[in-house]
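Every read-out reported here was derived from the displayed coordinates using simple, explicitly stated rules and does not represent laboratory data. Values in this document were obtained by computation on a predicted structure and should not be read as measured data. Glycine gets a Cβ as well: all are built from the backbone with ideal geometry, and neighbour counts include every protein chain shown.
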Amino acid sequence: MSTPSLLILAGDGIGPEVMIEVRKIIGWFGANRGLKFDVTEDLVGGAAYDKHGTPLTDETMAKAQSVDAVLLGAVGGPKYDKLDFSVKPERGLLRLRKEMDLFANLRPAQCFDALADFSSLKKDVVAGLDIMIIRELTSGVYFGEPRGIFKEGNERVGINTQRYTESEIARVARSAFEMARRRNNKVCSMEKANVMESGILWRDVVQEVHDAEYPDVELSHMYADAGAMQLTRWPKQFDVIVTDNLFGDLLSDLAAMLTGSLGMLPSASLGLPMANGRPKALYEPVHGSAPDIAGQGKANPCACILSFAMALRYSFDQGDEATRLEKAVENVLADGIRTADLMQSKDGTPATTTEMGDAVIRALDASL
Ligand code: NAD
């Protein structure tokens, strides 16, 4: 097989800082595990706007469409706040997601034992937590028509439309069932079938796809509000959760925060398989460009490093190597090496971004 290709879009703020550490990790896998990648880099967000006057050029978009996976840092920053909406840094990211048709957003909520104290929940509720939320990302109320603010008599009315077709539901349901088969074989689908027709259709289609194609996977249904309660009460009851764009937006943030810091959270957005069988894919940390700490060597690179681990698992079929990298991060944390975001105020001197990346490399060396 030809060398797999990776497009790196480091972006703005702490994006380029954390991406330097990921480049080291990619180099390590090439040198030590025979996993070579054909890596190209390009601009996105404010960095692309500064150079080209647009947050994503057509050339970069075409590259993103042609590679095996895209790895993105973060976009945005106060410098760009006053720009017209059409050229804001975030538009670059939205264009990537839309044109690559990345309909399945994977948000793991995994609690490393060493960080269990960081959760706002009790330690025994979150220690060892490992769940995956799959949020539908390209349809639903954020995209449905009609939308807008209209005049109705003497007052204005704001309208958004929740709209899902059967095929949009079916494809994200398949992503969830496939994911469950790689994990603990359980899917919980969440909607509001009690008050929304789109929720009734969602429940029906998920059940139909299950019965026809994935009868071996355990499927349950839950109303999304009850799901939010259960996620805070006893999150370990879940394995894979699949839900729509709006509920997924809320539930994935809620679940992620069960585990502690924004600096630890990876994500993947996947589309349909390409000709080579790999899904269209974009991997990125959940955090933004963190302008308050950019350029100071304070950023935690783990979220971006763990996003690369997701790429190893979901784009390159290297589950064992992904686990090796996740374990390396876990061991670094267990050794007490922490960036500032993972420390209590009197915990001593925090590691810099570079020191954290180097510690992960040492832990990888130790895994050989
Ligand atoms: P943010 O995620 O950038 O930062 C929130 C807080 O978390 C800040 O205090 C920051 O210092 C901290 N933080 C974030 N990542 C960290 C890391 N890796 N290590 C240590 N601390 C970390 O969110 P924000 O401040 O609301 O947004 C800043 C900019 O980022 C805005 O322009 C926003 O639009 C953009 N943004 C981009 C993305 C993306 O690129 N996907 C996501 C969210 C926000």
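Here are a few things to note about the model shown:
- Rg/Rh for the chain stands at 0.96; both radii use Cα atoms, and Rh follows the Kirkwood definition.
- Computed over the range 237-368, Cα set: Rg, Dmax in Å: 16.1, 53
- Here Thr60, Thr354 are placed in order of increasing Cβ neighbour count within 10 Å, fewest first, which gives Thr354, Thr60.
- Computed lengthening from Ser5 to Asp320, 0.36 nm per intervening residue step minus Cα-Cα distance: 111.4 nm
- 5 Å binning of all Cα-Cα separations within the range 130-258, expressed as whole percents from 0 upward: 2, 11, 21, 22, 18, 12, 6, 4, 2, 1, 1, 0
- With contacts taken as Cα pairs under 8 Å and at least 6 residues apart, the chain reaches a relative contact order of 21 percent.
- Net length available on complete extension from Asn184 to Met274 is 29.7 nm, with 0.36 nm assigned per residue and the Cα-Cα distance removed.
- DSSP beta bridge pairing in the chain, given as percent antiparallel to the nearest 5: 45
- 222 nm mean residue ellipticity, helices alone, for the chain (DSSP H n ≥ 4; -39,500 (n - 2.57); rounded to 500): -13000 deg cm²/dmol
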